[in-house]
Amino acid sequence: MKRLLLCCIALLCVCTACQKEELPSAMSQIQKTLTEMEGYTCLATLTRTSNKGEQIYETKQDFKSSGEYRLELLSPDSVKGNYTVYDGKTVCQYNPRLQDKIVRDVPASQQRNELFLGQFMKNYMQSEGVSVETAALDENHCTILEAVIPGNDPAMATEKLWIDNQTLTPVRFVIYDADGTERWRLDYTSFTFNPHFDENLFQIPV
C-alpha cells in the first residue's frame, strides 16, 4: 500500500511538471501570434447581461491592427444587417430599417471598442499584475489571459480571453464589471488571423 501511494505521488508530480512545461510553451506561441496580429475576421455569439436580463446576438467582426473595424449583427432578425464601421477617422452606423440608413460621426464608445481583441491587447500590455492560467473549456485546453480595463466605468472593469493551446485561436472573451459579474461574453464560432480584407470593407458608404 505504501509503495502504491509513493507511485501515485510520483505520477502526480510528473503530470504537474508536464502542465507547468506546457504553459510556457503555449504562452510563447500565443504571445507571438497576438503580437504579430495584423488583423482578424471572426463569427461570434455575443451575450450581453444587464439588469434587464440577457440579450444574445450573432455577430461578425473584422478588425485591422491599424485601428479600422467593422461590427455587423447577423441575428436576431430585429437587428439583422445593422453594422458599425470605423475607417480610421470616422465612425458610421448603418441600419437597413431606417429611412435615413446611415448615421455618420457616431460618438466613440468604450463598450463597442472593448469588444475587439486589438483593444484587449492594449489593455493587457498596460495592465499591472495580469494573470495567466490554464483551464479546460468545452473539451479544449486553453490559456487564459486577464487584463484590467482602464477608466472608471464600473460596468467594464476587467476582462479575460480564452485561447486554445492547439489552434492558438480565441475561444471565449468575457468582460466583467467591478463586482466580478459577467457583462459581455463573446463565444467565437470561427476565427481567422490576418485574412485578406476587401479594400471596400472599411469604407463608409457615400
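The values are calculated or read from the model by the stated rules, or taken from the named source; none is laboratory data. Keep in mind that what you see is a predicted model, and the values were worked out from it rather than measured. Neighbour counts are summed over all protein chains in view; Cβ atoms, including those assigned to glycine, are modelled from backbone coordinates with ideal geometry. Areas reflect the complete protein model, heavy atoms only, side chains present, ligands, DNA and RNA absent. Shrake-Rupley method; radii C 1.70, N 1.55, O 1.52, S 1.80 Å.
With respect to Phe116, determine if the residue is farther than 26 Å from Asp77 by Cβ and modelled with pLDDT of 90 or more.
Spelling it out, it is not the case that Phe116 is farther than 26 Å from Asp77 by Cβ and modelled with pLDDT of 90 or more.
Looking only at residues that are open to solvent by less than 30 Å² (accessible area, probe 1.4 Å) and hydrophobic (A, V, I, L, M, F, W, C) in the stretch 29-62, which one is nearest to Val79 (Cα to Cα)?
Result: Leu46.
Condition first: open to solvent by 60 Å² or more (accessible area, probe 1.4 Å) and at pLDDT 90 or above. Can you find one or more residues in the stretch 130-146 that meet it?
no
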